[in-house]
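Engineer: Before anything else, here's the structure in question.
Bear in mind that the values in this text are calculations on the coordinates, not laboratory data. Since the model is a prediction, treat every value here as computed from it, not as a measurement. Neighbour counts run over all protein chains shown; Cβ positions are idealised from the backbone, glycine included.
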Amino acid sequence: MFKIIRYEVVDSTFKVARNLQNTEEYTTVIAKRQLKGRGRFGREWLSPIGGLWFTTILYPRTSICTYSLLSLLSSLSISKTLEKNTMLKPKIRWPNDVYVNDRKIAGILIESDVNGDIIERSLVGIGVNVNFSLDHLPIELRDKATTILEEFGKPIDEDTLLIEILLTLREYYEKYKKGLYNEIVIEIKKEGDFIGNHVILYTHSKKIKAFIRDLDIYGNLIIDVEGGTMTLTPKDVEKLELVKTSESESS
Ligand code: BTN
């Protein structure tokens, strides 16, 4: 159904996927381990055995202004799949992370070839922490990251999870290609824990305290800051941290 190319170990599934020519949409490169896994903004992504580390090739041929939505629908697919296959209650953290109990369980990085205004090809890199314990991560990450094994208490089948994520991704991506943006944004809002929250946003140059008002139709973040309202795209924000207020803690 989906073309899946499997490796034991690679530097990064991006590196392999990028070199594939004339592949059909949804072709997926997956590896048991990555030696040089890449995260957003040049960060390292640790990829031990027991995780789901893969890159899926898409040909959106959509306008670059919908980029945020492409990223969000990938997080939505993971969140929905985890919800269906485990008892967990995942939350999307804009623009492309999935959290469980306030700790990151999955991340997404998309690398795209853009021609003028058009996204020709997107390599959707997805990392899900599945069947490994937190001992496999450095101490400084153990209170920030989590795995399905830690949260669910038992391992789950990685192949089944991969297929379920791809099926869900296809469902939302096909809606996206038809321009049904509003349907996707509504689901993202339900599945996220950031709208209506005070947050700290880390941009490349500064830290901004803001209140998240809403998402626009393309999935960009509408925030209130001192002095007005702003709209931010995923490339503007390196990290989003929720600020716990006494109000949000008691609700
Ligand atoms: C992030 O949250 O910073 C994004 C992490 C993306 C990790 C995945 S794992 C599979 C694919 N290959 C990589 O080198 N990175 C992505």
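Engineer: Please report the relative contact order for region 138-228, taking Cα pairs under 8 Å with a sequence separation of at least 6, and give it as a percent rounded to a whole number.
Structural biologist: Computed over region 138-228, the figure is 15 percent.
Engineer: Let me ask you something else. Please compute the net charge surrounding ILE200, taking Lys and Arg as +1 and Asp and Glu as -1 over other residues with Cβ under 12 Å from its Cβ.
Structural biologist: Result for the local shell: +3.
Engineer: Shifting gears a bit: Indicate, rounded to the nearest 5 percent, the antiparallel portion of the DSSP beta bridges found entirely in the chain.
Structural biologist: Among the beta bridges of the chain, antiparallel pairing accounts for roughly 85 percent.
Engineer: Also, I was wondering about something else. Rounded to the nearest Å, what's the spacing between the alpha carbon centres of region 114-140 and region 141-208? Just the number, please.
Structural biologist: 11
Engineer: Report the paramagnetic label zone for VAL243: residues of region 171-199 whose backbone N is under 18 Å from a point 7 Å from Cα along the Cα-to-Cβ axis.
Structural biologist: Residues 193-199 fall inside that zone.
Engineer: Something else now. Mind listing P(r) for region 198-250? All alpha-carbon pairs, 10 Å bins, whole percents.
Structural biologist: Taking every Cα pair in region 198-250, the percentages come to 24, 56, 19, 1.
Engineer: On full extension of the chain, what length is gained from LYS235 through MET87, given 0.36 nm per residue of separation minus the C-alpha to C-alpha distance?
Structural biologist: That works out to 50.0 nm of additional length.
Engineer: Could you give the length gained on full extension between ASP117 and ILE49, defined as 0.36 nm per residue of separation minus the Cα-Cα distance, in nm?
Structural biologist: Length gained between ASP117 and ILE49: 20.6 nm.
Engineer: If you restrict to DSSP beta bridges whose two residues both lie in region 1-103, what percentage is antiparallel, to the nearest 5?
Structural biologist: 60
Engineer: ASP102 versus VAL9, label points 7 Å from Cα toward the beta carbon: distance in nm?
Structural biologist: It works out to 3.7 nm between the two label points.
Engineer: Here's another thing I want to ask about it. First select every other residue whose beta carbon is under 11 angstrom from the beta carbon of MET230; then total the charges, Lys and Arg +1, Asp and Glu -1.
Structural biologist: -2
Engineer: Two decimals is fine: what is log10 I(q)/I(0) at q = 0.12 Å⁻¹ for the chain, from a Debye sum with one equal scatterer on every Cα and no solvent?
Structural biologist: The Cα Debye sum returns log10 ratios of -0.68.
Engineer: Which residue fluctuates most in the GNM of the chain (Cα springs below 10 Å): VAL185, VAL114, VAL128?
Structural biologist: Of the options given, VAL114 has the highest mean-square fluctuation.
Engineer: Still on this structure, I have one more. Based on the Cα atoms of region 136-251, what semi-axes does the equivalent ellipsoid have, where each is the square root of 5 times one gyration tensor eigenvalue, given in whole Å with the largest first?
Structural biologist: Semi-axes from the Cα gyration tensor: 28, 23, 14 Å.
Engineer: Same structure, new question: How many Å³ per residue does the convex hull of the Cα positions in region 88-133 occupy?
Structural biologist: Expressed per residue, the convex hull around the Cα atoms of region 88-133 is 88 Å³.
Engineer: What percentages make up the Cα-Cα pair-distance distribution of region 25-80 when the bins are 10 Å wide from 0?
Structural biologist: 19, 44, 33, 4
Engineer: Also, I was wondering about something else. Among residues other than GLU8 whose Cβ falls under 12 Å from its Cβ, what is the net charge (Lys/Arg +1, Asp/Glu -1)?
Structural biologist: +3
Engineer: I want to verify the translational diffusion coefficient of region 31-150 in µm²/s; compute it with Stokes-Einstein, Rh as the Kirkwood radius over Cα pairs, at 4 °C and 1.567 mPa s.
Structural biologist: 87
Engineer: Filter the cross-link list LYS15/LYS206; LYS80/LYS190; LYS104/LYS235; LYS104/LYS175 down to pairs whose alpha-carbon distance in this structure exceeds 21 Å.
Structural biologist: Too far apart for the 21 Å limit: LYS15/LYS206; LYS104/LYS175.
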